[in-house]
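Down below is the structure, laid out as structure tokens.
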Ligand SMILES: [Zn+2]
């Protein structure tokens, strides 16, 4: 936040985030506010206060949040019962940036073809109407899997796997994939960036290990907040940190 230091001070502590200049949109102390959202709001307020035209990045209708998705799975309600017991449902553990999405308390064990396992594979809820395991290539190599690169939900003919829960096993005939890197956005964002659902963008990541990720799949929906999902291989390759500058381009 260095570039705003001369205009305002931002205190970030264990209790939340406070600004000491009047803002048109005050935000209640909230530990869960993503740094990119705070920066976006500060930038807009500062430019408004200075009466200066907004730079292109601040003209965007929404802040850009980039998050790393660690390996996880999506399951149907039926499979949750097979793995955890009759009548069992997912319990939210941590709410994600996309509205209504959560990491569940429940985790499963994924068993690979040579009996190597990944334990504590997080389930993301709510339940879906398909079963899918999303791994980074490094995870797949460790397990001995060969997995295809797919858009989420497109699992036809993908890799098979075995899941183990406290109450049972579930043999997945398919569904183990490496998910394509993608960006969730509202149609307003798609209009601003000049892209369409199913199209592709680039994500430019700054910092000492900066890189550009091509072929970022655009997923547009009125319920989506602007958020890029990359996997742990991609996040680690550029050492993505909360203050790493990121930019979407076409
Ligand atoms: Zn996503």
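What follows is calculated from the coordinates using simple rules that are stated; it is not laboratory data. Quick caveat, the model's predicted, so the values are computed rather than measured. With ideal geometry, Cβ positions are generated from the backbone for all residues, glycine too; neighbour counts draw on all protein chains shown.
Just rank 184, 34, 229, fewest to most, by other beta-carbon atoms within 10 angstrom. Could you put the intermediate results ahead of the total?
On the way: 184 22, 34 17, 229 25.
By the 10 Å Cβ count, ascending, the order reads 34, 184, 229.
Cut-off is 10 Å between beta-carbons; in what order do 141, 205, 230 appear when sorted fewest neighbours first? Intermediate values should be presented prior to the final figure.
Working: 141 12, 205 22, 230 25.
If I rank by nearby Cβ atoms, fewest first, I get 141, 205, 230.
Relative contact order for the chain: what percent, with Cα pairs under 8 Å and sequence separation of 6 or more?
Details: 492 pairs, mean separation 45.1, N = 250.
Once divided by the residue count of the chain, the mean separation gives 18 percent.
Could you list 50, 217, 203, 33 in order of exposure, starting from the residue whose Cβ has the fewest other Cβ atoms within 10 Å? Intermediate results must be reported in sequence, preceding the final value.
Working: 50 9, 217 18, 203 22, 33 15.
Fewest to most other Cβ atoms nearby, the residues stand as 50, 33, 217, 203.
I'd like the FRET efficiency for residue 47 and residue 237, computed as 1/(1 + (r/R0)^6) with the beta carbon distance as r and R0 of 22 Å, rounded to 0.05. Before the final figure, lay out the partial values.
Details: r = 33 Å, r/R0 = 1.50.
It comes out at approximately 0.10.
With springs connecting C-alpha atoms under 10 Å apart, model the chain as a Gaussian network and identify which of 133, 46, 218 has the largest mean-square fluctuation.
Residue with maximal mean-square fluctuation among 133, 46, 218: 46.
Using a basic spin-label model with each label point 7 Å from the Cα along Cα→Cβ, how many nm lie between residue 54 and residue 146?
Once both label points are built, they end up 4.9 nm from each other.
Set the Förster distance to 25 Å, then compute FRET efficiency between residue 130 and residue 202 from the Cβ-Cβ distance, nearest 0.05.
Details: r = 29 Å, r/R0 = 1.16.
That gives a FRET efficiency of 0.30.
Determine the gain in length on full extension of the stretch residue 209-residue 221; use 0.36 nm per residue of separation and subtract their C-alpha separation, reporting nm with one decimal. Before the final figure, lay out the partial values.
Details: separation 12, 0.36 × 12 = 4.32 nm, distance 3.18 nm.
Fully extending the segment from residue 209 to residue 221 adds 1.1 nm.
Please compute the contact order of segment 68-179 in relative form: average sequence separation of alpha-carbon pairs under 8 Å and at least six residues apart, divided by the residue count, as a percent.
Working: 257 pairs, mean separation 33.9, N = 112.
Across segment 68-179, relative contact order equals 30 percent.
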